[in-house]
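The values are calculated or read from the model by the stated rules, or taken from the named source; none is laboratory data. Everything numeric here is computed off the predicted structure, so don't read it as measured data. Remember, those area values only see protein heavy atoms, side chains included, never the ligands or the DNA or RNA. Shrake-Rupley method; radii C 1.70, N 1.55, O 1.52, S 1.80 Å.
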Amino acid sequence: MKILVVDQSFFGLLYDVQFSAALAAAGADVTLVGRPLRSHEEVTSAGFRMLPLFYGLGERLPERLKQVARRAKGLEHAYGMAALEALVRRERPDAVHFQWIVLPLIDRPRLARLAPLVLTVHNTVPWHGSSSSALMVRGYDAVLTGFDHYLPHTQNIRDHLLRRGVPASRMDLLPHPAVRLPRVPEAAARAQARGPGTPIEILSFGSIKPYKGVDVLVRAG
């Protein structure tokens, strides 16, 4: 089985890599499609290939210009989706598996005619209401219910999709897997040396966003 796993911005790069490696270990021919890796990102692609189709121009710009480039990111996203469509036409995968819906008006419509589409549903409210871009939420409801199959991470998400009209036969509940984090020797040494009165270090998985409530955790400590 040939599968394209798509996370255009690599919102969950570590998750994507381990998810793709697990599919490859199960015998699938997997290509992980996203953006170019950044200088601090180190990935071992075990059994699958990585293809940077998105945001190549913006990622190459100097840091001082990236803020300006973000205003035109929608255009670069559309270019990347066109490249993805060409890839699907060329390789004829058995499934295109999206991790996120980035720009609903662009992300699904044409691909739906070319290959079965699967969506991992990390949340059912786009960006938990924290997105500042109207383009990132416009058309989300229609696209959310337009995939061929879904992998909701929680029972609450599954119930939400059921209420939205997605049949149970098109869903498989996939509890969020344990993501193996890279071992950092310095952090391990600090943990072993910790004694009474030593400040507690807390690891926040993923990006720090307002909706995740890290500020509430800090105040509670």
Tell me the per residue accessible area of the stretch 10-120 using a 1.4 Å probe; a whole number in Å² is fine. 52
Residues meeting the amide H criterion for residue 10 (H placed from the backbone, H to H distance under 5 Å, 5 or more places apart or on another chain) are 35
Whole-Hz couplings from phi, Karplus 6.51/-1.76/1.60, listed for the stretch 155-164; x for Gly and Pro: 5, 4, 5, 4, 4, 4, 5, 4, 5, 7
Under 24 Å between alpha carbons, and skipping anything fewer than 8 positions from residue 73 in its own chain: which lysines qualify? 209
Could you calculate the contour length gain from residue 89 to residue 149, that is, 0.36 nm times the residue separation minus the distance between their Cα atoms, to one decimal place in nm? 19.6 nm
